């Protein structure tokens, strides 16, 4: 495939129960492209964690997945509160999620670390009060 | 061993089994969903007491072979039908996660 394939999703920030729709759709799309299961797993888990973060913290946002010949790029963009201290947010176990989110099994402070673990490159751009953009890359 | 083989054990009850031929190669136990996504392996049985709708997404994305609800935890119909739709096998057991893992260990 020489052309870039783009998949675009709006992530609904009001419906926690439907969070994950975009990631599951991406998983299906990548399967159709015939990518290997481990790559698909890494991309879809990293994206799901990002999707959940957007729902928990930022009232939703937008997700783009670009499939290039040599890599998959995931861009998650929100207009949420931003991340004050990115280094702290990246630490395993650090979370600002509230109790209701924790009772659902999230908020363990593993989201961003998992996104980093499952991708080959991750960049976070965040401005407090403006929003956050996370760009992740998985090499093919 | 497949999920179908597991379902033949009287300790495990099938709630939904859309993909009975999935292989089982191990077990992961956990209730924190991100933790599970970080650690569970492809084709594991995932033992948990969580039963909300997000469990289905996590099971699907982690590609576990089935979800095993310990301590007779039940599922809402909505969650069950989503699982069916997404091809996620779900079984339940009266056993604790520990005892279920021991039982599975003898079967794998």
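Among the residues of the range B:28-62, count how many are within 18 Å of residue A:23 (Cα to Cα) and within 9 Å of another protein chain (Cβ to nearest Cβ). Residues in the range B:28-62 being within 18 Å of residue A:23 (Cα to Cα) and within 9 Å of another protein chain (Cβ to nearest Cβ): 17 in total. Applying the set (1) under 14 Å from the mean Cα position of the chain (by Cα); (2) modelled with pLDDT under 95; (3) within 21 Å of residue B:35 (Cα to Cα) to residue A:92 leaves exactly one unmet item: (1). Against the numbered list (1) surrounded by 17 or more Cβ atoms within 10 Å (Cβ to Cβ); (2) more than 9 Å from chain B (Cβ to nearest Cβ), residue A:113 comes up short only at (2). Scan the range A:34-67 for residues that are more than 9 Å from chain B (Cβ to nearest Cβ) and out of contact with any helix residue (DSSP H, G or I) (no Cβ under 9 Å at 6 or more places or on another chain) and the total you get is 8. Within the range A:8-23, how many residues are within 8 Å of another protein chain (Cβ to nearest Cβ) and either outside any helix (DSSP H, G or I) or modelled with pLDDT of 90 or more (or both)? Result for the range A:8-23: 3. Against the list (1) more than 19 Å from residue B:102 (Cα to Cα); (2) within 11 Å of the chain's Cα centre (by Cα), the condition residue B:28 fails is (1).
In the range A:20-43, the residues that are touching a residue at least 60 places away in the same chain (Cβ under 8 Å) form Cβ pairs under 6 Å with partners that are in a helix (DSSP H, G or I), at six or more places apart or across chains, as follows: A:42/A:118. For the range A:50-59, check the following and say yes or no: at least one residue is at pLDDT below 95 and surrounded by fewer than 19 Cβ atoms within 10 Å (Cβ to Cβ). Taking every residue of the range A:50-59 in turn, at least one turns out to be at pLDDT below 95 and surrounded by fewer than 19 Cβ atoms within 10 Å (Cβ to Cβ). Selection within the range A:38-49: residues that are in contact with a strand residue (DSSP E or B) (Cβ under 8 Å, 6 or more places away or on another chain) and closer than 17 Å to residue A:6 by Cβ. The member of this set that is surrounded by the fewest Cβ atoms within 10 Å (Cβ to Cβ) is A:43.
Annotation: of all residues in the range A:68-82 being closer than 26 Å to residue B:41 by Cα and more than 14 Å from chain B (Cβ to nearest Cβ), the one that is surrounded by the fewest Cβ atoms within 10 Å (Cβ to Cβ) is A:70.
Sort out which residues of the range B:63-74 are at pLDDT 95 or above, within 13 Å of chain A (Cβ to nearest Cβ) and surrounded by fewer than 21 Cβ atoms within 10 Å (Cβ to Cβ), and write them in order of number. Once the filter is applied, which keeps residues that are at pLDDT 95 or above, within 13 Å of chain A (Cβ to nearest Cβ) and surrounded by fewer than 21 Cβ atoms within 10 Å (Cβ to Cβ), the range B:63-74 yields only B:73. Screening B:85, B:41 for residues that are free of Cβ contacts under 8 Å to residues at least 12 places away in the same chain and under 29 Å from residue A:53 (Cβ atoms) leaves exactly one candidate, B:85.
The values are calculated or read from the model by the stated rules, or taken from the named source; none is laboratory data. Because the structure is a prediction, the values reported are computed rather than measured. Here Cβ is always computed from backbone atoms with ideal geometry, including for glycine, and neighbour counts include all displayed protein chains.
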